[in-house]
1. Could you tell me which of the residues 55, 96 is more than 19 Å from the chain's Cα centre (by Cα), over 30 Å from residue 238 (Cα atoms) and more than 12 Å from the ligand (Cβ to nearest atom)?
2. Residue 76 fails exactly one of the following numbered conditions: (1) more than 14 Å from the ligand (Cβ to nearest atom); (2) touching a residue at least 12 places away in the same chain (Cβ under 8 Å); (3) farther than 22 Å from residue 191 by Cβ. What is the number of that condition?
3. Output the residues belonging to segment 84-118 that are acidic (Asp, Glu), within 23 Å of residue 173 (Cβ to Cβ) and at pLDDT below 95.
4. Working carefully through the options 174, 146, find the one that is more than 25 Å from residue 200 (Cβ to Cβ) and among the hydrophobic types (A, V, I, L, M, F, W, C).
5. Give the residue, chosen from 109, 90, that is surrounded by 18 or more Cβ atoms within 10 Å (Cβ to Cβ) and farther than 28 Å from residue 275 by Cα.
6. Exactly one condition in (1) over 15 Å from residue 212 (Cα atoms); (2) in a helix (DSSP H, G or I); (3) within 16 Å of the ligand (Cβ to nearest atom) is not met by residue 89; state its number.
7. In the list 20, 60, which residue meets the criterion of being of a type outside the set (Ser, Thr, Tyr), under 20 Å from residue 210 (Cβ atoms) and in contact with a helix residue (DSSP H, G or I) (Cβ under 9 Å, 6 or more places away or on another chain)?
8. As an exercise: evaluate residue 67 against (1) modelled with pLDDT of 95 or more; (2) not in a helix (DSSP H, G or I) and give the number of the one condition it does not meet.
Amino acid sequence: MKPPRLLTIAGSAAGGSAGIQADLKTFQELNVYGMSVITAIVARNPDTGKNVHAQTMDAIEAQFSTAKKQVGFDGVKTGMLFSIEVIEKVAQLLQQTDVKKVIVDPVMVGKLDSKLLKDDAIEALKTKLLPLATIITPNMPEASILLGGRVLNNVEDLKQAAIDLHDLGPKYVLVKGGRLEGPAVDVLYDGHQLTIFEAPRIDTINTSGAGCTYSAAIAANVVKGKSIHEAVLLSKSFVTTAIEHGFTYTEMVGPTYHAAERLKGEAHAITVRHV
Ligand code: PXL
């Protein structure tokens with residue numbers, strides 16, 4: 001059977017734990033055919049201090065039309081988009097394609113402090129791209145910035161953030177509460193009902209790329225035909241297992257283990273509550 005097709009439009013993270021690399025590893029684990037449009041290359045350059053190498057609009061458009069013509073796609077996931085120009089280009093390409101399943105991870109800052117979205121591009125993200133999304137998956141700092149700098153301190157704040165972000169136009173909002181203390185609690189809002197997904201907190205520093213991986217797993221499960229609620233549930237379990245088996249390779253923050261669920265045969269129990 002042919003696997004469903006999923007295109008990620010994101011940045012290349014040279015270290016292999018996040019960005020395009022995390023997306024494609026996750027798609028493969030979940031038996032989805034992965035394709036990519038690279039919007040920028042993130043790689044540390046100790047000589048110049050410059051670590052984001054933006055791609056041209058021509059390169060972005062050429063990758064998109066190659067994937068579309070060579071294979072076609074059942075869904076699109078977006079990650080690092082970097083600039084107003086890229087956001088406008090991606091929004092235009094998505095509208096021309098009329099793709100129905102669009103998973104937007106509003107990536108802003110990397111764990112190693114790379115600036116993955118310019119400050120002046122936040123408005124374009126809100127007005128041009130979020131309205132096209134089936135689901136958006138902000139973490140707490142991203143949700144806060146999208147809400148004009150609102151302070152988020154607890155699960156009640158996350159619930160209100162999810163409700164308010166829904167007004168920007170996505171069909172579903174998942175606010176990830178990984179930065180709170182205690183269990184890892186995420187809040188999903190579908191325009192009517194709030195649902196809480198809770199996993200145990202894993203005590204580790206090896207979480208590089210966890211956000212990309214979670215969002216990529218949601219995208220993969222959505223193109224496989226799962227409902228959004230089920231996709232979030234399966235993906236939270238997938239990423240929790242990947243975090244649990246993450247690696248320390250160097251003194252820098254280590255990657256999650258994308259193959260963990262398959263190789264260890266473990267799925268994490270996730271508690272789901274409708275509130
Ligand atoms: O984890 C967020 C992220 C997304 N995309 C790219 C990155 C990172 C973090 O470093 O490099 C390309």
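The values are calculated or read from the model by the stated rules, or taken from the named source; none is laboratory data. As the structure is a computational prediction, the values presented were derived from the model and not from experiment. So basically every Cβ, Gly included, is an ideal-geometry build from the backbone, and we count neighbours across all protein chains shown.
1. Values: 55 fails: more than 12 Å from the ligand (Cβ to nearest atom).
It is 96.
2. (3)
3. From segment 84-118, those acidic (Asp, Glu) are 85, 88, 98, 105, 113; that's our starting set.
After this cut, where a residue has to be within 23 Å of residue 173 (Cβ to Cβ) as well, the list is 88, 98, 105.
Hit for segment 84-118 is 98, nothing else.
4. Working: 174 fails: more than 25 Å from residue 200 (Cβ to Cβ).
None of the other options fit; the residue is 146.
5. On the way: 109 fails: surrounded by 18 or more Cβ atoms within 10 Å (Cβ to Cβ).
Among 109, 90, only 90 is surrounded by 18 or more Cβ atoms within 10 Å (Cβ to Cβ) and farther than 28 Å from residue 275 by Cα.
6. (3)
7. Details: 60 fails: under 20 Å from residue 210 (Cβ atoms).
Within the list 20, 60, the selection yields 20.
8. (2)
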